[in-house]
1. How about the range 1-19: which of its residues are assigned to a loop (DSSP other than H, G, I, E, B), surrounded by fewer than 17 Cβ atoms within 10 Å (Cβ to Cβ) and not aliphatic (A, V, I, L, M)?
2. Which residues, taken from the range 153-193, are touching a Lys or Arg at 6+ places or on another chain (Cβ under 8 Å) and either closer than 27 Å to residue 254 by Cβ or among the β-branched types (Val, Ile, Thr) (or both)?
3. Take residues that are surrounded by 20 or more Cβ atoms within 10 Å (Cβ to Cβ) and modelled with pLDDT of 95 or more and tell me which of the strands (runs of 3 or more DSSP E) falling wholly in the range 57-148 contain 3 or more.
4. State which residue is farthest from residue 123 (Cα to Cα) when the search covers only the range 226-257 and only residues that are among the β-branched types (Val, Ile, Thr) and within 19 Å of the chain's Cα centre (by Cα).
5. Pick from 50, 40: which is in a loop (DSSP other than H, G, I, E, B) and either aliphatic (A, V, I, L, M) or free of Cβ contacts under 8 Å to residues at least 12 places away in the same chain (or both)?
6. Return yes or no: is residue 86 in contact (Cβ under 8 Å) with a residue 40 or more places away in the chain and either aliphatic (A, V, I, L, M) or within 30 Å of residue 7 (Cα to Cα) (or both)?
7. Could you tell me how many of the residues in the range 170-181 are over 17 Å from residue 156 (Cα atoms) and buried (at least 16 other Cβ atoms within 10 Å of the Cβ)?
Amino acid sequence: MHVPSPAERFLEDFHQRRPGTTSTAFAHLRSEQHESSYAALAATLPDSSASLSVLDLACGNGYLLALLEQLYPQRLQLVGVDISQAELDEARTRLPGSACLLKERAQALSIGTASVDVVVSHLALMLMDDIELVLSEIRRVLRKDGKVAIVVGRGFLLGAVGDAYLQVFRQVAQQDALAHLPMGDPRMRTEEGWRGLFSSDFDQVTVQNIDVSWQPDFAELWQSLSATYDVDRLTPAARGQLQERFKSAIDHLPHADGTFVTGWGLRLIQAHPRPC
């Protein structure tokens, strides 16, 4: 029987309490080429009229699957996997009844071997335990001519806003005695690490850096940051201190309209299964 790690227990609890957090934060943020990082993933589907089976790993509230259904109506067999029942409950309300939603781990999928055409995932794989096992499961369920496309994190808040935030957060977290909670394999922090992880089971690996831009005022900025994993783990008093100190640290940065220029650094990774 699987015993969840501390990180996995936290992630399941967080998304039970805050379903839809990821899509709320990212669905409206544009990159140079796409309406959102979700749209960047949607654009990786094969340009064909053939019916496709698409698996979304850590599908959350179903935002990406719903977008795919909108873009490719009646062409896709949708499958979503997540460890949070609250996320899956929200996904069920926005997806067609034919969509299959499974509460299970990406490391131990119940999905049949060679039964999926495309595996997608948005801002999830870099948080997962046993990433080599996750990638092995992706390879197992993919058909020989299938593909995988994932968006993962590359950098936190971009620019001076991000630099100021990280400096203040580290100070507050230390004062709050926030325990270290490692999430994901350190190799997933670099392009070279990702290429190495994919090299065992995949070919034609491409890694594309994507920046999604964001110009919030402070209220929008703080609302989004307060829903991040590390801030959620702070005590209420520490969260209040973080908000106050962060606001003071960036008081000199807003435009005349009160907005800040920042964004998030992401990676889009695509690959095809290596022939057995």
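1. As a first pass, look at the range 1-19 and keep what is assigned to a loop (DSSP other than H, G, I, E, B): 1-5, 18-19.
From the residues that got through so far, the ones that are surrounded by fewer than 17 Cβ atoms within 10 Å (Cβ to Cβ) too are 1-5, 18.
Selection gives 2, 4, 5, 18.
2. Hits for the range 153-193 are 153, 154, 168, 171, 172.
3. Numbers: elements: 76-82, 100-103, 116-122.
Strands (runs of 3 or more DSSP E) meeting the threshold: 76-82, 116-122.
4. Filtering the range 226-257 for residues among the β-branched types (Val, Ile, Thr) gives 228, 231, 235, 250.
Of the ones still in play, those that are also within 19 Å of the chain's Cα centre (by Cα) are 228, 231.
Working: 228: 13, 231: 18 Å.
That would be 231.
5. Numbers: 40 fails: in a loop (DSSP other than H, G, I, E, B).
Of the residues listed, the single one that is in a loop (DSSP other than H, G, I, E, B) and either aliphatic (A, V, I, L, M) or free of Cβ contacts under 8 Å to residues at least 12 places away in the same chain (or both) is 50.
6. On the way: in contact (Cβ under 8 Å) with a residue 40 or more places away in the chain: yes; either aliphatic (A, V, I, L, M) or within 30 Å of residue 7 (Cα to Cα) (or both): yes.
Yes; evaluated as a whole, the condition is true for this residue.
7. Of the residues in the range 170-181, 3 are over 17 Å from residue 156 (Cα atoms) and buried (at least 16 other Cβ atoms within 10 Å of the Cβ).
Residue-wise test of (1) within 16 Å of the chain's Cα centre (by Cα); (2) among the small types (Gly, Ala, Ser).
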position	(1), (2)
45	no, no
62	yes, yes
70	no, no
79	no, no
83	yes, no
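The values are calculated or read from the model by the stated rules, or taken from the named source; none is laboratory data. Since this is a predicted model, take the numbers as computed values, not measurements. We place every Cβ from the backbone using ideal geometry, glycine too, and count neighbours over all the protein chains shown.
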